[in-house]
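Taking it in order: structure first as C-alpha cells, then the write-up.
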Amino acid sequence: MLSTSIQDALNEQINREFYSSYLYLSMASWAESKNLPGFAHWLKLQQKEENGHAMKLYNYVNERGGSVELGAIKQPPSDFDSPTTLFQEVLNHERYITGAINSIYEKAIAEKDYATQVMLHWFIDEQVEEEASASEILNTLKMAGEKGPALLMLDRQLGRRGQQG
Ligand code: OFO
C-alpha cells in the first residue's frame, strides 16, 4: 500500500512526465517548421519515451493499490530562438526532472518504502542517460555552430535515432 504522500508525489511525477511529452512534441513541431526533420524525429521519439515514463508510474501506482489522479498539463512553449537554445532547454528540463525524481527517492527512503525506491532506480539510471544525450547534442551545436553543413549533418544524425538499436 502506498502512503498518501508517496502517492501524491508519484501523481505529480506522472504529470511532469506528460508535460515532458508535451514539451518535446511542441519542440518537434518547431523543428518541423524550421525544416529540421532529423531534430523533429529525435524529439518525437523522445516524446514517446516520456509517455512511456508516465505510464510506468501509472502502472506502478495501480499495482500498489494506489489511485492515479491526472492533473491538467500546462501549456509548453512553442517558439525557440534556435536549435541551441532548444537543446539548452531540453537539458535544463531533464535536470529539473532528475531533481524531482531524486526528491521522491528521498521521500521513499524517509518513509522506508523499499518498493518505491527499487522502482525509482530505473528512473535514476534513465535520467543519467537523458542528461548525457541532451548535453552531447548541445555541445555539438555549440562546437559546430548552427549554420550550413554542420547543422545539416547534425540533423541527419539525429534523424537516425532509433535505427542503430
Ligand atoms: Fe526525460 O525523462 Fe522522463 O521526463
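None of the figures in this text is laboratory data; all of them are computed from the coordinates on show. Note that the structure is predicted; figures quoted are calculated from it, not measured. For neighbour counting, all protein chains shown are included, and Cβ atoms are generated from backbone atoms with ideal geometry for every residue, glycine included.
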Q. Which net charge results when you count Lys and Arg as +1 and Asp and Glu as -1 among the other residues whose beta-carbon is under 14 Å from that of Gly38?
A. +2
Q | Ranked Leu138, Leu36, criterion: other C-beta atoms within 10 Å, fewest first | A | Leu138, Leu36
Q.
If you filter the stretch 60-165 for trypsin sites (Lys or Arg not before Pro), then keep DSSP loop positions with at most 13 other Cβ within 10 Å, what is left?
A. Lys74, Lys112, Lys147, Arg160
(Q) How large is log10 of I(q)/I(0) for the stretch 2-62 at q = 0.12, 0.17 Å⁻¹ when the intensity is taken from the Debye formula with one equal scatterer per alpha-carbon? (A) -0.35, -0.57
(Q) Going Cα to Cα from Lys44, which lysines come in below 25 Å? Please leave out same-chain ones fewer than 8 positions away. (A) Lys34, Lys56, Lys74, Lys142, Lys147
Q.
Give me the dipole magnitude in Debye, nearest 20, for the chain about the Cα centre, with unit charges on the beta carbon: positive for Lys and Arg, negative for Asp and Glu.
A. 400 debye
**Q.** Hz values of 3J(HN,Hα) by residue in the stretch 11-21 - Karplus curve (6.51, -1.76, 1.60), Gly and Pro given as x
**A.** 5, 5, 5, 4, 5, 4, 5, 5, 5, 4, 4
Q. When all C-alpha to C-alpha distances in the stretch 1-139 are sorted into bins of 5 Å, what percent of pairs does each bin hold, rounded to whole numbers?
A. 2, 10, 20, 22, 17, 12, 9, 5, 2, 0, 0
Q) Which Cα, out of Ala115, Tyr96, Met55, lies furthest along the positive dipole direction of the stretch 50-165 (beta carbon charges, K/R +1, D/E -1)? A) Met55
Q: Using only Cα atoms, locate the centre of the stretch 135-159 and the centre of the stretch 1-77, then give the distance between them in Å, rounded to an integer.
A: 26 Å
Q. What nm value, rounded to one decimal, do you get for the distance between Trp122 and Ile73 when each label is placed 7 Å out toward the C-beta?
A. 2.0 nm
Q | Value of relative contact order over the chain, rounded to a whole percent, pairs C-alpha under 8 Å and six or more apart | A | 30 percent
Q) Just the C-alpha atoms of the stretch 75-165: what Rg/Rh do they give, with Rh taken as the Kirkwood radius? A) 1.11
Q. Under 5 Å between amide H atoms, partner at least 5 residues away or on a different chain: which partners does Leu2 have, H built in plane at 1.01 Å?
A. Gly66
